[in-house]
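Participant: Once you've had a glance at the structure underneath, I'll fire off some questions.
Every number in this text was worked out from the coordinates using simple rules, so none of it is lab data. Quick caveat: nothing in here was measured; it's all calculated off a predicted structure. Neighbour counts are summed over all protein chains in view; Cβ atoms, including those assigned to glycine, are modelled from backbone coordinates with ideal geometry.
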Amino acid sequence: MSWFNRTQKASLSIDISVSAIKLLELSRTGNGYRVEHFSIISLPHDFAMQKKVSSAILAEGIKKAWEESGSTLKQAVVAVSESAIMTKTISLPASLTDDEIEEELIMTADQYLPYSLDDLYFDYAVQSINKNNPEMVDVLLVASRRENVDNRIEALSLAGLKASIVDVEAYAMRNAFSILPTPSPDINVDKTIALIDIGSTITSLTILYNGDVIYTGSQSVGGKQLTEEIQHHYNISYEKAGLAKKQGGLPDNYDELILYPFQKLLVQKIQRALQAFTSSSTNRSIDRILLAGGCASMTNIDKVVESHLNIPVKVANPFINMSLSQHIDLQAFYQKAPSLMLACGLALRGFDA
Ligand SMILES: Nc1ncnc2c1ncn2[C@@H]1O[C@H](COP(=O)(O)OP(=O)(O)OP(=O)(O)O)[C@@H](O)[C@H]1O
Ligand SMILES: [Mg+2]
């Protein structure tokens, strides 16, 4: 028994999107992590049309995912989605302590945000010294309307679970990024890296510089659009179209007629998201792109993006150095690994709780 080693041994996360609930339990082993349980539950595809999905409906999906996963943990880390987050970089005197920064933000935050502080949860992260004035530091202010956070907490509670932390997607992405194997330890120093999560309806962008989140953005495009195009073009059900795009067996004209135009659109949207970053910042260029999200499992998508943008692109697999519990099929899990990037980052966060 040790009083000094009370770090958490296992951590559960739940990534809630309008298309799916993804649940992941990691445990800590020696100097690494192990995947204990996971499950992915698809939500009926018309949910994605709704602006707001009720917590009761989400709770049903969460309960099912939890039961299927076999996890026994009841506290989970969840995230508010990128689109529900407002960020603003502000400059404050470098001499302020953490408490003083917090006080200052409580007094002035609503000046930078379109809502009153009473309607918001907010957090901040001190970044680097201001480029133009070494006596100031840049502070990233992150806020979300209370209802976005409360909706998540309520959904978990209705499912019989408890939200231990409500994190910001971009921070979770950074956490997952931080455990990716890098060819050399200093590879990320002074580098600007774009993490691009291409999901079902949203493609989200997290920009890291020296390992810190410096920008987030999103575009509304994702794999659902491709599935719908297959569905309508070949007159098959949405479910069949979704399976066919992963497993193959579509007519010969599929690539030319549907897949390539979709990939072109995806590249344009990624380009637009990156342009929004470059025009908002100091003309910083992107050194590397890492792809995550379900659509990163599309064959050759890394090469397609790389050849259009002329930036090195890789598909992220944050589980590459993790061991897997015996009951998990390695191949099936690795295939889903990119789509579990966010869940992975959230689970890692849970170890700090
Ligand atoms: N092997 C594959 N080939 C092509 N598409 C795939 C493959 N695997 C998953 N997808 C697609 O990825 C999408 C799901 O990705 P993901 O699980 O990251 O989305 P999500 O997190 O539920 O949604 P969002 O992040 O947009 O809210 C689906 O459209 C799915 O069809
Ligand atoms: Mg997602």
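Participant: Roughly speaking, what % of Cα-Cα pairs in segment 235-320 are separated by over 23 Å, rounded to a whole number?
Facilitator: Details: 1227 of 3655 pairs.
Tail of P(r) above 23 Å: 34 percent of Cα pairs.
Participant: Express the Stokes-Einstein translational diffusion coefficient of segment 86-160 in µm² s⁻¹, to the nearest whole number, given a Kirkwood radius over alpha-carbon pairs, 37 °C and a viscosity of 0.692 mPa s.
Facilitator: The calculation lands on 242 µm²/s.
Participant: Related question: Measure up LYS245/LYS314; LYS64/LYS314; LYS9/LYS269; LYS191/LYS264; LYS64/LYS224 against 31 Å on the Cα-Cα distance and list the ones that go over.
Facilitator: LYS64/LYS314; LYS9/LYS269
Participant: Please sort 297-307, 312-322, 204-214 by packing, taking for each peptide the average over its residues of neighbouring beta carbons within 10 angstrom, highest first.
Facilitator: 204-214, 312-322, 297-307
Participant: Please compute the alpha carbon radius of gyration of the chain, then divide it by the globular-protein estimate 2.2 N^0.38 Å. Two decimals is fine.
Facilitator: This ratio for the chain stands at 1.01.
Participant: Normalising by the residue count of the chain, find the relative contact order in percent from Cα pairs under 8 Å and 6+ residues apart.
Facilitator: Computed value for the chain: 21 percent relative contact order.
Participant: Run the quick spin-label model on LEU324 and GLU239: label points 7 Å from Cα toward the beta carbon, then report their separation in nm to one decimal.
Facilitator: 2.5
Participant: Under a plain spin-label model, where a point goes 7 Å from the Cα along Cα-to-Cβ, how far apart in nm are ALA94 and PHE333?
Facilitator: Spacing of the two 7 Å Cα→Cβ label points: 4.5 nm.
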